[in-house]
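Take a look at the structure below.
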Amino acid sequence: MFEVIGLNQKNPFSFQLFAMPNIVRDVYLPTPNVSGGPSRVGMILFSSMSTGGGTEESWFKVYNDASPDPLSDGPDIALPFSAGADPVLAGMLPGVIIREGDANGMSDGAYFDAISVFASQNPGTDETENPITAGPCIVGLIAVAEE
Amino acid sequence: MATVFSGLPAGVNVFNVATLPLSNILEDTNAGVLRKDVLYHAPPAPPIVTIQIVGFRIDNTLNPGQDVWLKLWRVADPTVGVTAPHAILRCRAGKITEYAVQVDFGGGHLSYQVLITPGTKGTTAPTNAVRVALACLVSE
């Protein structure tokens with residue numbers, strides 16, 4: 001796992017890259033130095049690389065939960081992507097940028113209390129835990145903690 | 001001239017932005033109601049074969065006590081709570097959330113509904129209206 005974590009700041013931030021596809025629970029999120037509150041996640045990047053050029057359709061899932069059970073806990077975010085891209089071509093790098101706010105304005109990122117991620121062959125809530133098989137899935141996540 | 005979408009339900013408006021490709025902003029003032037096959041061309045207009053959504057905006061400010069999830073299906077007639085959604089996006093209680101991400105609906109069918117349960121299960125809509133806007137590219 002590659003990570004950059006800024007700790008000695010009022011608003012700690014993190015940029016992490018890690019490999020999947022099996023479920024990764026309780027991804028590190030920086031916490032504010034004082035309040036210890038939730039973190040705002042601004043960007044999630046995900047890519048898959050195949051060792052065999054498969055074409056299975058897959059879903060990248062994000063849970064606002066430190067320890068979800070994918071067989072019973074519905075994902076908070078679920079996005080389709082095509083696994084199995086040719087590694088020579090570096091495959092796809094889809095990603096999502098999130099903004100959150102209210103009638104008074106919008107800010108980069110949305111709050112998460114905790115994050116777990118999973119790359120599954122099943123849409124929606126998994127009936128069986130079925131991670132993609134076409135190859136590793138690389139996830140990049142940018143988060144900042146605010147007081 | 002851009003073709004007009006057929007049979008839009010009350011509360012759903014589609015604003016055509018450009019014609020090559022068909023670029024539209026779909027605005028729904030009450031997305032807690034199930035919208036089936038919402039972008040549709042009645043014959044003799046050519047059928048829609050692909051829908052690409054490149055931006056999502058969920059306005060849940062009227063529900064300060066309920067998190068909601070926008071669920072989108074790529075079938076014309078999903079069974080809510082049973083048919084697995086093709087995409088799911090969260091909006092926290094009392095908030096507006098925007099997602100910049102491309103989601104493709106090959107086959108040309110788009111159905112959606114905002115519900116108060118994540119994942120596949122759940123059939124209950126939010127207590128108050130949730131406004132949704134989708135930036136769509138439509139190919140015939």
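Restricting segment B:125-140 to residues that are surrounded by fewer than 24 Cβ atoms within 10 Å (Cβ to Cβ) and within 18 Å of B:Arg90 (Cβ to Cβ) leaves a set whose member that is nearest to the other protein chains (Cβ to nearest Cβ) is B:Arg131.
With B:Thr61, B:Thr79 as the choices, which residue is within 11 Å of chain A (Cβ to nearest Cβ) and either under 23 Å from A:Leu45 (Cα atoms) or hydroxyl-bearing (Ser, Thr, Tyr) (or both)? Among B:Thr61, B:Thr79, only B:Thr61 is within 11 Å of chain A (Cβ to nearest Cβ) and either under 23 Å from A:Leu45 (Cα atoms) or hydroxyl-bearing (Ser, Thr, Tyr) (or both).
Is it the case that B:Trp73 is within 13 Å of the chain's Cα centre (by Cα), over 19 Å from A:Arg99 (Cβ atoms), hydrophobic (A, V, I, L, M, F, W, C) and within 10 Å of chain A (Cβ to nearest Cβ)? So B:Trp73 fits the description; yes.
Yes or no, residue by residue, for (1) modelled with pLDDT of 75 or more; (2) surrounded by 22 or more Cβ atoms within 10 Å (Cβ to Cβ); (3) facing chain B (nearest Cβ under 9 Å):
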| residue | (1), (2), (3) |
| --- | --- |
| A:Ala85 | no, no, no |
| A:Val96 | yes, no, yes |
| A:Gly109 | yes, no, no |
| A:Ile115 | yes, yes, no |
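Just need a number here: residues in segment B:105-124 that are buried (at least 20 other Cβ atoms within 10 Å of the Cβ) and in a loop (DSSP other than H, G, I, E, B). Residues flagged as buried (at least 20 other Cβ atoms within 10 Å of the Cβ) and in a loop (DSSP other than H, G, I, E, B) within segment B:105-124 amount to 5.
The values are calculated or read from the model by the stated rules, or taken from the named source; none is laboratory data. Quick caveat: nothing in here was measured; it's all calculated off a predicted structure. Reconstructed Cβ throughout: ideal geometry from the backbone, glycine too, with neighbour counts over all protein chains shown.
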